[in-house]
Every structure is written in structure tokens, then in C-alpha cells.
Amino acid sequence: MRVNYLGPVVMGVEHPAIAELDRRKFPPSCFLVEISEEARPGGLWMEGDVLVVDEARSFGHADLVVAEVDGVYRLFKSHRAGGRCRLLPTNGGQGCFVSVQQFKGVVVRQARCWAV
């Protein structure tokens, strides 16, 4: 699933989903991405959800991670098998292996903008 880069957490990005987020709780290595329109209705993520991603954290088994594939940031679930880790698309499909340069970080928080 494609995600859109919003910027570093510490820069004060304005978005309704993170209005109540205490940005002081996150290290400078964290940045924000927004879930794109590729999100499936009724899934764990909705279009407009914002994820906090820590680029300093290494991933393990079953982590949500962001990686750059074909010039686009995408959300994956990691699957560790032995010494290797395969990234599986969150909305189904064929998994892939990525290089260290393509790996962008581990999701540490999800924020949703609820309609009032």
C-alpha cells in the first residue's frame, strides 16, 4: 500500500489526525506518512490515517515497516525467516526483499482523524 511522506515529526506538520499528538514524545529520527487512497475499506488502515515511522529502529518479525520500492514509499509487514526478512504487502500480493537503502523505518504509532 502506498503511503505519502509528510515530513519529520519535530517540524510541526499540520494534519487533523495528529492534532492531539504530543510530538515531544518522539525522537528526532521519526517522520510521518499518510495512508493513500489504496487502503481497503474496513481494513486496519483508512485513507488519511497518519503513521509515525522511526528510521533509527531496526525491524523484526511481524513489524509494520515503510520501504521505498520503485521510487514510492510503501507499507509492508515484515516476515523473518532465519537470517533474512521478507516484506509482505499489507493489502496482499507478492512479497519482496529490500536493500538497506530502500528500508525507511518501523511504524511506531498510528493516528486516525475521526469525523465529529
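The values are calculated or read from the model by the stated rules, or taken from the named source; none is laboratory data. Remember, it's a predicted structure, so these values are computed and weren't measured experimentally. Cβ coordinates were reconstructed from backbone atoms using ideal geometry, including for glycine residues, and neighbour counts include every protein chain displayed. Ligands, DNA and RNA are stripped out before the accessible areas are found, and what is left, the full protein with its side chains, is counted by its heavy atoms. Shrake-Rupley method; radii C 1.70, N 1.55, O 1.52, S 1.80 Å.
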The chain, Gaussian network, Cα under 10 Å: of G12, G105, G42, the residue fluctuating most is G42
With R₀ set to 35 angstrom, the calculated FRET efficiency between the beta-carbons of Q110 and A81, to the nearest 0.05, is 0.85
In whole Hz and in residue order, list the ³J(HN,Hα) couplings for segment 28-33 that follow from phi through the Karplus curve 6.51 cos²θ - 1.76 cosθ + 1.60, θ = phi - 60°; x for Gly and Pro. x, 7, 9, 9, 10, 10
With V50 itself left out, Lys, Arg at +1 and Asp, Glu at -1 over residues whose Cβ is under 13 Å from its Cβ give -2
Give, in nm to one decimal, the length gained when the segment between M46 and A19 is fully stretched (0.36 nm per residue of separation minus the Cα-Cα distance). 8.0 nm
Excluding R86 itself, what net charge comes from residues whose Cβ is under 11 Å from its Cβ, given Lys and Arg +1 and Asp and Glu -1? +3
Compute the accessible area per residue over the chain, keeping the other protein chains in place, probe 1.4 Å, unit Å². 59
List, largest first, the extents of the alpha carbons of the chain along their principal axes, each in whole Å. 43, 32, 24
Order Y73, Y5, most accessible first, counting only protein heavy atoms with a 1.4 angstrom probe. Y5, Y73
If I compute solvent accessible area with a 1.4 Å probe over the protein chains, what percent of it on the chain is carbon and sulfur? 52
Give me the net charge for the shell around R112: Cβ to Cβ below 14 angstrom, other residues only, Lys and Arg +1, Asp and Glu -1. -3
